[in-house]
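What follows is a set of notes on a single structure, which appears directly below.
Only the coordinates and a few stated rules stand behind these numbers; no lab work does. Predicted model, so just to flag it, every value in this text is computed and none were measured. All Cβ positions, glycine included, derive from the backbone under ideal geometry; neighbour counts span all protein chains shown.
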Amino acid sequence: MKFTYQAKNRQGKISSGVIDAPSESVAAKSLHEQDIFVLELKKMGSSASSMVKELHLPFLSHRVSLKDKIILTQQLAMMIKSGLPLLEAFAALQEQTENHYFAQIIGEISADVKGGKPLSESLAKYPKIFNTLYVSIISSGEKSGKLDEVLERLAQQLQKDYDLISKIKAAVTYPIVVMVALVGIVILMLIFVVPQLKAVFADIGAGLPLTTRIVLGTSDLIRNYWYVWIIVIVGLYLGSRFWVRTPKGSLSWDRLKLKIPLIGPLIKKIYMARFSRTMGALIASGLPMLEVIETVKSVLPNKVYSQAFDRISEDIKNGKTLSETLKEQRIFPAMIFHLISTGEKSGKIDYIMLTMADFFDKEVENITSNLSTLIEPILIIIIGAGVGFVVASVIMPIYSLVNVI
């Protein structure tokens with residue numbers, strides 16, 4: 001791919017040109033290695049792509065993807081490490097960011113920093129884009145004077161989250177598509193095929209098996225009372241969403257997710273990977289343990305773990321070590337508190353946590369790569385049972401008719 005760029009050197013001379021690179025981040029890195037600072041970097045494309053950029057739909061354009069944040073963090077780290085002042089770095093990022101909404105946010109952050117606010121405080125104004133973890137890590141980098149190192153570590157963490165989400169989406173897409181197709185086929189059969197057979201069975205006048213009567217009755221319900229089905233489905237959906245938002249419903253749903261076969265163990269390992277990586281990064285950044293616990297709590301969206309971290313926080317305030325209080329929580333594997341105890345004794349708890357994060361990342365990768373293989377037999381059974389039930393219900397009366405004749 002080719003990219004057009006506008007940049008300036010250390011003497012302030014502005015230049016422009018075209019660079020060939022496999023991605024935007026590689027192009028930016030290549031330009032930085034030439035000791036020039038990128039002001040604008042755009043992919044060379046057709047006029048149609050330019051028209052798309054000019055289209056601003058609020059529900060589509062007012063979004064910032066995880067990939068946008070990764071690119072921002074990576075490029076900001078490179079610019080600061082290259083010696084570019086923070087305000088100039090944000091000016092360059094604002095110009096080259098293709099997401100117009102995100103570019104506007106970057107400009108507002110830059111204005112706050114120019115006005116004397118710390119970067120972490122400016123980022124905290126946009127919690128839907130920069131979560132507690134992001135802000136806390138940036139804050140630790142500002143306090144320690146190692147903002148470039150902290151940004152590099154943060155970019156690596158965000159990239160791992162992005163890779164993990166992509167793998168999970170790829171693993172669950174196939175089963176979801178198959179199930180939706182199965183439901184669609186069955187509904188189409190009930191609406192268009194079964195009614196035709198019902199007329200034939202009525203002409204014969206023979207007694208029908210129970211399964212056939214169930215299929216015919218279901219077909220009548222779907223065809224004659226389709227609006228009731230829509231009301232019921234929408235009502236169940238809205239009711240479940242309301243229930244999940246209540247404290248009791250949210251806790252019950254989060255407990256259920258951890259007990260679902262195949263999915264539950266995967267969710268637990270994902271949480272342990274996030275817990276280990278986040279805690280390791282925050283401890284390495286020099287944050288106090290209670291602040292670390294509070295931040296880690298915010299990156300695990302599960303009430304079961306949130307309640308556990310509340311208890312952990314109270315125990316640490318009362319003088320217990322992290323390994324001691326983790327041992328009392330049954331949701332953490334034994335390996336976690338044993339290794340943390342070793343880290344506490346050796347003073348290398350951050351290294352231990354990051355090593356554990358790599359271990360759980362590999363575990364998650366193994367599960368997601370095998371998830372389709374594990375789900376396929378279950379899908380075959382469900383598809384066979386669903387289609388077989390409908391087909392058998394239709395064929396059985398035909399065989400009965402043949403026997404009568």
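What is the projected area of the convex hull of the Cα atoms of the range 306-372, averaged over all directions, in nm²?
Averaged projected hull area, Cα only: 5.3 nm².
Mind pulling the angle between the C-alpha long axis of helix 147-188 and the longest principal axis of the chain? Nearest 10 degrees, somewhere in 0 to 90.
10
Kindly express, to the nearest 10 degrees and within the range 0 to 90, the angle between helix 303-317's C-alpha long axis and the longest C-alpha principal axis of the chain.
Value to nearest ten degrees: 40.
Using the alpha-carbon atoms, what tilt in degrees (0 to 90, nearest 10) does helix 289-299 show relative to the longest principal axis of the chain?
40
Mind scanning LYS81/LYS160; LYS117/LYS297; LYS146/LYS259; LYS43/LYS143 and naming the pairs with a C-alpha gap bigger than 31 Å?
Violating the 31 Å limit, Cα to Cα: LYS146/LYS259; LYS43/LYS143.
For the chain, what is the calculated [θ] at 222 nm in deg cm²/dmol (nearest 500), taking -39500 (n - 2.57) for each run of four or more DSSP H residues and dividing by its residue count?
It comes out at -25000 deg cm²/dmol, rounded to the nearest 500.
Enumerate by residue number the trypsin sites (Lys or Arg not before Pro) in the range 314-405 meeting two conditions: DSSP loop (anything except H, G, I, E, B), and at most 11 other Cβ atoms within 10 Å of the site's Cβ.
Sparse-neighbourhood loop trypsin sites (Lys or Arg not before Pro): ARG330.
Test of understanding: given the chain, find the longest segment containing no GluC sites (Glu not before Pro) that are in a DSSP loop and have at most 16 other Cβ atoms within 10 Å.
The longest uninterrupted stretch comes out as 99-327.
So I have (i) 28.2; (ii) 19.6; (iii) 21.5, and one of them is mean projected area of the Cα convex hull in nm² calculated from this model. Which one is it?
Given (i) 28.2; (ii) 19.6; (iii) 21.5, the structure-derived one carries the label (i).
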